[in-house]
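The values are calculated or read from the model by the stated rules, or taken from the named source; none is laboratory data. Owing to the predicted nature of the structure, the values given are computational and were not obtained by experimental measurement. Positions of Cβ are backbone-derived with ideal geometry, glycine not excepted, and every protein chain shown enters the neighbour counts. These accessible areas exclude ligands, DNA and RNA; they are computed on the full protein's heavy atoms, side chains included. Shrake-Rupley method; radii C 1.70, N 1.55, O 1.52, S 1.80 Å.
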Amino acid sequence: MSDSARDGEGSVRLVGTAHVSADSVAEVERVIEEEDPDTVAVELDEGRYRQMKGETPDEIAPADLLQGSMALQFLAYWLLSYVQQRMGERFDIQPGADMLAAVETAEAIGSDVALVDRDIQVTIQRFWARMSAWEKLRMVGQLALAVLGVGGGKEEEMSMADLTDADVVSAMMEEFRQFSPEGAEALIDERDAYLAHNIVNLREQGKHVVAVVGAGHRAGIERYLAHPEELPPMDELTGRAEKRFSLAKVVGALLTLGFLAFFVLVLMAGVNDAVVLRLFVAWFLFNGVIAAGLALLGGAHWTSAGVGGAVAWLTSINPLLAPGWFAGYVELRYTPVRISDIGTLNEIMSDETLPVREVFSRMTDVPLFRLIAVVALTNVGSMIASFLFIPLVLPLVGGPFDSVGEVLAVLLRGAQNSLDLIRGLVA
């Protein structure tokens, strides 16, 4: 804990807690009762506060699940939730009990409650946007390993004595920083500044404040309380983060150009219309069958799989038209997803007595997992089909596509004809 006050202003009593420590809960209650503050500031946003108070619906809007990379962000949020729940089970206390204790104690003594944290969806989106493709794969891989019961985090080695000390929480934060430095900046450093902004504002209003935050944020907030002039502008800490350069978008654009160039050159080469039609039909069917097949493997309803398969060929023309999103929207007609699904998944993953096959079987019964699996596998199927089409299917189309040499000859002829046409138009 630390105190920070200035002449003519309010004051702040900062309490750093370990989110799964019973001792932290007792400390929070004691400090608030002793200080009797005007305001208790807690590391919660409006959504988490309402959920904690049981005031939010359990339903998740389809648009929130399938907008942009929300499904992948949900995976990241799920992994973080899983790790925290495992710690709660190990030390026999509900994660977030410290914040709930702060809210209830403040209400009991008549203090105001200030929600000073950034919206969790904004934090997760900014966290995900700053991660590299490799870091995202590692995170999803860690989730898969957790399902398989392979590996394990340092939380399994902790003792209750460790958790009563703030350093262990800071160490966990630093471990995550080593895993993804830019992701940690969004998850940790930016939130330090965001929390400090709101706490400083309360102090400048002349309020006596007890601020209850995770121990990993304490040092950063203390620094800003002592030097508020160092706070970054608030507008730099809010809103969606967009990468200026995205390798995935570049690759997608190149695939689109390559696909269009291939068909244009084939047409310009004067290939028989019947052969061109067979080529397109083969492309449509190969993409559709593989994408739909993997969707069904993920537990999709046959209608959802059919829709995903029907639009899979469009992925090469426009990578933003991922077939998984189409399959996902249709799947939501049969699979209502709820926030409580996260807790259900965590319970399944925490049962170490279940064999791997049983774990997967139970997880596919959970709507959220099934929806994410359908979206992901449909997209993966389309990608696999796109890469395998030329070596596996193109030779079967017949005509000038029987061998790689003949394909190259067709493309060269198409390029030459295109150049001749352009020269004729220019002349």
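The residue that is modelled with the lowest pLDDT, counting only those in segment 222-262 that are touching a Phe, Trp or Tyr at 6+ places or on another chain (Cβ under 7 Å) and open to solvent by less than 90 Å² (accessible area, probe 1.4 Å), is LEU237. Counting only residues that are β-branched (Val, Ile, Thr) and either within 38 Å of the chain's Cα centre (by Cα) or loosely packed, with under 14 Cβ neighbours inside 10 Å (or both), segment 269-298 holds 3 of them. When restricted to residues that are acidic (Asp, Glu) and farther than 24 Å from ARG203 by Cα, segment 10-47 contains 1. Here ALA327 passes the criteria (1) of a type outside the set (D, E, K, R); (2) open to solvent by 30 Å² or more (accessible area, probe 1.4 Å); (3) at pLDDT 85 or above except the one numbered (2). From the list ALA219, ALA292, ALA211, ALA312, the one residue that fits, being modelled with pLDDT of 95 or more, assigned to a helix (DSSP H, G or I) and either within 30 Å of LEU115 (Cα to Cα) or in contact with a Gly (Cβ under 6 Å, 6 or more places away or on another chain) (or both), is ALA292.
Yes or no, residue by residue, for (1) modelled with pLDDT of 90 or more; (2) assigned to a strand (DSSP E or B); (3) open to solvent by 60 Å² or more (accessible area, probe 1.4 Å):
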position: VAL12; (1), (2), (3): yes, yes, no
position: VAL15; (1), (2), (3): yes, yes, no
position: HIS19; (1), (2), (3): no, no, no
position: GLU29; (1), (2), (3): yes, no, yes
position: THR56; (1), (2), (3): no, no, no
position: GLN73; (1), (2), (3): no, no, no
position: SER81; (1), (2), (3): no, no, no
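ASP7 meets the conditions (1) at pLDDT below 65; (2) under 30 Å from PHE326 (Cβ atoms) in every case but one. The failed one is (2). The residue that is farthest from MET52 (Cα to Cα), counting only those in segment 330-372 that are of a type in the set (Asp, Glu) and open to solvent by less than 30 Å² (accessible area, probe 1.4 Å), is GLU331.
Right, ALA101: surrounded by 16 or more Cβ atoms within 10 Å (Cβ to Cβ), of a type outside the set (Val, Ile, Thr), at pLDDT 80 or above and assigned to a helix (DSSP H, G or I) or not? The answer is yes for ALA101.
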